[in-house]
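Reading through the structure tokens given below for one structure.
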Amino acid sequence: MATREEITSGLAEILEEVAGVNPDDVAEGKSFTDDLDVDSLSMVEVVVAAEEKFGVKIPDNEVQNLKTVGDAVSYIEANH
Amino acid sequence: MSNVDVVVTGLGATTPLGGDVASTWDAMLAGRSGVSALTQEWAAQMPVRIAAELAVEPSEVIERVRLRRLDRSEAIALIAAKQAWADAGLEGSGLDPERLGVSFGSGIGGAQTLLNQDDILEASGPRKVSPHTVPMLMPNGPAAWIGIDFGAQAGVHAMASACATGAEALALGLDIIRSGRADVVIAGGTEAVIHPLPFAGFAAMRAMSTRNDEPEKASRPWDKNRDGFVFGEGSGAVILERADHAKARGARVYARLAGAGITSDGFDIVQPDPECKGGIRAMSRALRDAGLTGADIAHVNAHATSTPAGDMGEIIGIRTAVGAHPVITSTKSMSGHLLGAAGAVESIAAILAIRDSVVPPTINLDDPDDRLDLDVAAHKARPLEIHAAMNNSFGFGGHNVALVFTRP
């Protein structure tokens, strides 16, 4: 089981690769769209990469609930 | 003839000869070839193993994350357009976006993205296909991205007329400004499909040179031993501007785009009309449109791709429509055939030929075809005072475009 810190840092790697987000800016309270400037197409890439990295399924109807990095960490923590 | 004068105020290019206009032009004047052996693994099994690849990789110019969302043809179109924009002094000029248009095309478009994503689909399933696939492969992608980057709101147009695309994009740009719809148009062409499938397709047509052991000698327009064109990639962009608009902002003017002629053969999907009838009509229309006669044209940058079938028809055409006097050249002998970008890059060569009073050479013309009865600047650049020059571009499908540029 990955810790919340490990999941956050894994997401930071994906966000850097896909959207050029500075890993230092990635924290649980940050909104993907408002704070990290991740647009809808990049968010699709983040989700697909996260599924692979953490061995989870993130259905499309769940993605709209993942507003912040913390939301994504909680979902991955609960489902992987 | 139109009473609206249209001038060229900016140039941009990334080609097999250089990453910008200056290096490309220097290489042309020096008679350097941009053709080399392909080192990609897939090339080993191809009957053709040479190409004219970009001198400067887009990754050296565009940052990594942005490049992930761009097909290679879109990336190099943006690079050329940005150079042209800066060259025209339009950065921070306060140009009204509603008076800025784009006319930019590609012969084949985002085929590399289509094929790469199909590989991913086959190997890993639909969920792994990039959400950027469609905007990367759509043929209007290069024009659309340019429109977005420069905020163009007067209309963004994407031509697709095979190897005449780049020239047709300039012709449409001319029409847009003459019609009063825009003051400035970013016009040009782009192509980047050095990938096994298009390569195999052209090879299957027996259209490409198989001179694999001598890449730099493979593109040899009008030479007896020519055996096909050399596949190239690149992009060229030109800023077209209403002359009084350019004058009002004190812009440097390279040349006038004085006239354009567009025709179609209505003849064959790949074979050019052997008597160049459509080409002759295009050249004649361009001259009429420019208010000139053939006698005024000192130089023609010919389409001449180095194919056995295509090269000689244009010779007949130039002699008929323009005359026996112009000094002609095929810069494809050096750049390879840039397909949808060819007409734009070769227009830039014609414009700089006027500016610098010099015709770039046709290299490799060691043993001219017996039917070649026009004056070619063979092997070496030829000093020549040029008041008016023509650029010809013809494309699969029977597209013919001739452009006439004159000294400002």
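Laboratory data are not the source of any read-out in this text; all were calculated from the coordinates shown. This is a predicted model, so every value here is computed, not measured. FYI the Cβ positions are ideal-geometry reconstructions off the backbone, even for glycines, and counts take in every protein chain you see.
Check each of the trypsin sites (Lys or Arg not before Pro) in segment B:94-186 and keep only those in coil by DSSP with at most 16 other C-beta atoms within 10 angstrom; list them in order. Don't skip to the end; give the middle numbers.
Numbers: sites: B:99, B:127, B:128, B:178, B:181; in loops: B:181.
Those that pass, being in a loop and sparsely packed, are B:181.
So which trypsin sites (Lys or Arg not before Pro) in segment A:43-80 end up in coil per DSSP with only 16 or fewer other C-beta atoms within 10 Å?
On the way: sites: A:53, A:57, A:67; in loops: A:57, A:67.
Sparse-neighbourhood loop trypsin sites (Lys or Arg not before Pro): A:57, A:67.
Take the Kirkwood radius over Cα pairs of segment A:4-79, plug it into Stokes-Einstein at 25 °C and 0.890 mPa s, and you get 206 µm²/s for translational diffusion. How big is the antiparallel share of DSSP beta bridges in the protein assembly as shown, given as a percent to the nearest 5? Roughly 65 percent of the beta bridges in the protein assembly as shown run antiparallel, per DSSP. Between the exposed loop cleavage positions of chain B, defined as GluC sites (Glu not before Pro) in a non-H, G, I, E, B DSSP state with at most 15 neighbouring beta-carbon atoms within 10 angstrom, the longest gap is B:92-274. Computed from phi, the 3J(HN,Hα) profile of segment B:315-332 under the Karplus parametrisation 6.51, -1.76, 1.60 (θ = phi - 60°) reads 4, 4, x, 5, 4, 6, 7, 10, x, 8, 8, x, 7, 10, 7, 10, 6, 4 Hz, with x in place of Gly and Pro. Secondary-structure-derived ellipticity at 222 nm for the protein assembly as shown, considering helices only, amounts to -11000 deg cm²/dmol, per-run term -39500 (n - 2.57) for DSSP H runs with n ≥ 4. Please go through the residue pairs B:82/B:332; B:82/B:224; A:30/B:128 and name each one whose alpha carbons sit more than 30 Å apart in this structure. Listed pairs above 30 Å: B:82/B:224. When only Cα pairs below 8 angstrom with a gap of at least 6 residues are kept, chain B shows a relative contact order of 24 percent.
For segment B:366-408, a crude dipole built from +1 on the beta carbon of Lys and Arg and -1 on the beta carbon of Asp and Glu, taken about the Cα centre, is about 340 debye to the nearest 20.
Along the axis of the charge dipole computed for chain B (Cβ charges of +1 for Lys and Arg, -1 for Asp and Glu, origin at the Cα centre), the listed residues B:317, B:15, B:160 are led at the positive end by B:160.
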